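Remarks on the structure that follows.
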Amino acid sequence: MSQFGTEFCDHIAIVRFEDNAWQTPAVEPLAPLPMHPAAHVFHYASTCFEGFKAYRWDDGKARIFRLHDHIARMQRSATSLCMPVPDADMLASMVVELVARQIDDIPTPPSSLYLRPTLIGTLPNIGAAASPSTEATLFVLASPVGNYFSSKAATLKLLVEEQRARTTEQLGSTKTGGNYAAALGPTLDAREKYGADQVLFCPNDDVQETGAANFLLISDDEIITKALDSTFLHGMTRDSILKLAADLGYTVNERKFTVSELLESVKTHEAVLSGTAACLSPVGALVYRGEEIMVCDGKPGPNTQKLSKALQDIQCGLAPDTHGWLTEV
Ligand SMILES: Cc1ncc(COP(=O)(O)O)c(C=O)c1O
């Protein structure tokens, strides 16, 4: 299968916000979007998006993972950017219709169909730096994606970044393009200087997350991860893993922790990144002030594998969906 995010289904779902209302959504052939060069998004970055997956089971039907929670997060992103907020039922129907149409394009599990709702401000007004876009387009792209789980057998190396932040405190939990642009410079520097795969942002001695994934510490009996606040993205994978961990008897510690606690913890705790694309990706080493520090024995740990499997089994229909996370199509 081609590289994640580079292959697309031949239709999108799309709807416009005009005259103060969402118009009628449609499923249309995938094609370039005609856009005015003065569109608000190009100049003032009025944009947010979501990312989640649909899996095709043996019964030929698809299951979308945490559809309604992702839609709720998109509504929060749109609200924080003063953009027209997508109606939840409208967006859910757009996604379901698109998945139904492209069901034959969904590869077999653990491969899946990645869904990418995207909202952009289209008001043609370069004078609107300090006013919201009153016109918008919402579209859903669908992309067949391969299995990250087995290809990620190797562990990641993270640079512990103590000075620079991933984004601003105000927009940390908003899924907006500018956050990724902001994290890019530090991430490329870390790659070039230390051969690090990602940056673990820890501004003000607060261990937060990487450019596109949450960060968790896992031992045989507990999980530690930062408690929800506005500085980082509230990942659905993080939330799902915490709930499954609690079901399996782990103690879940959502709390602030410092860099020195992190360095102490990785002697006994596995470290992982969590996100829709990669599920759980084990971390093998940290680079701290130029020195490389191994996480446990540097290999993927048993607790990571156990929790990863618990999540994957629900997504692929091998375990019951006890939390009601799946939407059948
Ligand atoms: C900044 C950031 N943090 C965390 C995550 C993980 O979130 P989720 O588990 O909902 O995919 C993502 C990916 O969407 C992300 O972009």
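The values are calculated or read from the model by the stated rules, or taken from the named source; none is laboratory data. Because the structure is predicted, anything quoted here is derived from the model rather than measured. With ideal geometry, Cβ positions are generated from the backbone for all residues, glycine too; neighbour counts draw on all protein chains shown. In case anyone asks, the SASA skips ligands and DNA or RNA and just uses the protein heavy atoms, side chains included. Shrake-Rupley method; radii C 1.70, N 1.55, O 1.52, S 1.80 Å.
Hey, can you tell me all the residues within segment 231-284 that are away from the ligand (no atom under 13 Å from the Cβ), of a type in the set (S, T, N, Q) and not in a helix (DSSP H, G or I)?
Those that are away from the ligand (no atom under 13 Å from the Cβ), of a type in the set (S, T, N, Q) and not in a helix (DSSP H, G or I): T251, N253, T258, T268.
Residues that are away from the ligand (no atom under 16 Å from the Cβ) and within 18 Å of M74 (Cα to Cα): list the strands (runs of 3 or more DSSP E) wholly contained in segment 113-229 that include at least 2 such residues. Steps first, please.
Values: elements: 136-145, 156-161, 198-201, 214-218, 222-225.
Those strands (runs of 3 or more DSSP E) span 136-145.
So, of the residues in segment 64-78 that are open to solvent by 10 Å² or more (accessible area, probe 1.4 Å) and not charged (D, E, K, R), which turns out to be nearest to L311 (Cα to Cα)?
F65
Test each condition in (1) farther than 29 Å from L184 by Cα; (2) touching a Gly at 6+ places or on another chain (Cβ under 9 Å); (3) surrounded by 13 or more Cβ atoms within 10 Å (Cβ to Cβ) for D221 and report the one that comes out false.
In the conditions (1) farther than 29 Å from L184 by Cα; (2) touching a Gly at 6+ places or on another chain (Cβ under 9 Å); (3) surrounded by 13 or more Cβ atoms within 10 Å (Cβ to Cβ), D221 misses (3) alone.
So V287 clears everything in (1) crowded, with 20+ Cβ neighbours inside 10 Å; (2) within 16 Å of the ligand (Cβ to nearest atom) except one condition, right? Which one?
(2)
Could you tell me whether segment 233-254 includes any residue that is touching a Gly at 6+ places or on another chain (Cβ under 6 Å), β-branched (V, I, T) and in contact (Cβ under 8 Å) with a residue 24 or more places away in the chain?
Scanning segment 233-254, I find at least one residue that is touching a Gly at 6+ places or on another chain (Cβ under 6 Å), β-branched (V, I, T) and in contact (Cβ under 8 Å) with a residue 24 or more places away in the chain, so the answer is yes.
Please determine, by comparing only the residues of segment 19-41 that are touching a Pro at 6+ places or on another chain (Cβ under 7 Å) and assigned to a loop (DSSP other than H, G, I, E, B), which one is least open to solvent (accessible area, probe 1.4 Å).
Here is the first cut: in segment 19-41, the residues touching a Pro at 6+ places or on another chain (Cβ under 7 Å) are 36, 38-39.
Adding the requirement that they be assigned to a loop (DSSP other than H, G, I, E, B) leaves 36, 38.
Values: H36: 105, A38: 18 Å².
Here the residue is A38.
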